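The values are calculated or read from the model by the stated rules, or taken from the named source; none is laboratory data. Being a predicted model, the structure only gives us computed values, none of them experimental. Here the Cβ is made from the backbone with ideal geometry for all residues, glycine too, and neighbour counts use every protein chain on show.
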Amino acid sequence: MDRREALKLSLLAGVGLAAGGARAQQACATDGTPAQFTPKKAADAKPLENEFDKYPKCPYCGMDRKEHHRARMLVQYSDNLTDGVCSIHCLGLSLGVNIDREPKAIWGPDYGSAAEPRPLVPVEKLTYLIGADLKHAMTKRSKHSFASKEVAEQFRQKHGGEFGDFNEAIKQSYLDMAGDVAMIRKNREERRQKMMMPKQG
């Protein structure tokens with residue numbers, strides 16, 4: 001191959017790479033890393049209003065937030081983009097992948113309330129009971145939040161666990177992440193296998 005042919009191929013390859021790069025850049029505007037994890041809903045200045053209509057499913061695991069209202073959470077970032085998640089486990093995912101987006105407000109449920117659904121409270125006003133023998137969405141080691149320290153103490157006496165604030169609870173969520181992901185994968189695979197089994201009779 002002579003130099004003229006080589007130059008021609010080089011120029012064609014350059015044009016192809018530029019076109020491919022432009023297409024990739026266009027796709028990355030919404031689906032690149034980390035942009036693909038940007039909350040997809042419109043900016044929301046009042047995320048607590050009609051939250052289940054606006055945020056019915058957790059964007060990270062697909063779980064129904066109303067069904068899991070005792071564990072669900074909301075995070076509103078500084079640009080008013082909001083993630084409605086099913087649990088503190090998935091909140092940890094949201095905070096991790098939106099690392100350049102500053103949280104403006106985070107709300108968690110008052111597990112000790114008798115209201116249905118449980119009311120959401122700013123996390124800085126909540127007491128967390130970590131490791132009690134209470135079921136919790138997406139994690140083996142529960143991290144339930146309470147608006148009343150006295151009610152939390154009643155649950156602690158009955159179900160065990162240790163107290164902590166939100167920062168401690170989210171830290172423990174990150175520490176539990178590997179084990180929880182393995183557990184979730186196993187549970188989901190078992191459900192898939194059951195669904196594939198032929199029905200008896």
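Would it be correct to say that residue 188 is exposed (fewer than 14 other Cβ atoms within 10 Å of the Cβ) and not in a loop (DSSP other than H, G, I, E, B)? Here the answer is yes, as residue 188 does meet what is asked. Screening 129, 93 for residues that are surrounded by 19 or more Cβ atoms within 10 Å (Cβ to Cβ) and farther than 19 Å from residue 55 by Cβ leaves exactly one candidate, 129. Among what's in segment 39-78 and is in contact (Cβ under 8 Å) with a residue 40 or more places away in the chain and among the hydrophobic types (A, V, I, L, M, F, W, C), pick the residue that is surrounded by the most Cβ atoms within 10 Å (Cβ to Cβ). Among residues in segment 39-78 that are in contact (Cβ under 8 Å) with a residue 40 or more places away in the chain and among the hydrophobic types (A, V, I, L, M, F, W, C), the one surrounded by the most Cβ atoms within 10 Å (Cβ to Cβ) is 71.
Okay, residues lined up against (1) under 25 Å from residue 76 (Cα atoms); (2) over 19 Å from the mean Cα position of the chain (by Cα):
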{"site": "108", "(1), (2)": "yes, no"}
{"site": "115", "(1), (2)": "yes, yes"}
{"site": "128", "(1), (2)": "yes, no"}
{"site": "132", "(1), (2)": "no, yes"}
{"site": "143", "(1), (2)": "yes, no"}
{"site": "146", "(1), (2)": "yes, yes"}
{"site": "153", "(1), (2)": "no, yes"}
{"site": "162", "(1), (2)": "no, yes"}
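Number of residues in segment 95-135 that are out of contact with any Ser or Thr (no Cβ under 8 Å at 6 or more places or on another chain), outside any loop (DSSP other than H, G, I, E, B) and of a type outside the set (A, V, I, L, M, F, W, C) equals 4. Taking the criterion of being more than 15 Å from the chain's Cα centre (by Cα) and closer than 18 Å to residue 60 by Cα, the residues of segment 179-192 that qualify are 179, 182, 183, 185, 186, 187, 188, 189. Scanning segment 50-92 for residues that are part of a loop (DSSP other than H, G, I, E, B), over 17 Å from residue 118 (Cβ atoms) and of a type in the set (Asp, Glu) returns a single hit, 79. Residues that are at pLDDT below 95 and in contact with a Gly (Cβ under 8 Å, 6 or more places away or on another chain) within segment 76-112 are absent altogether. Against the conditions (1) out of contact with any Pro (no Cβ under 7 Å at 6 or more places or on another chain); (2) at pLDDT 95 or above, residue 63 satisfies every one except (2). Quick check on segment 113-123. Is at least one of its residues crowded, with 16+ Cβ neighbours inside 10 Å and at pLDDT below 95? No, because not a single residue in segment 113-123 is crowded, with 16+ Cβ neighbours inside 10 Å and at pLDDT below 95.
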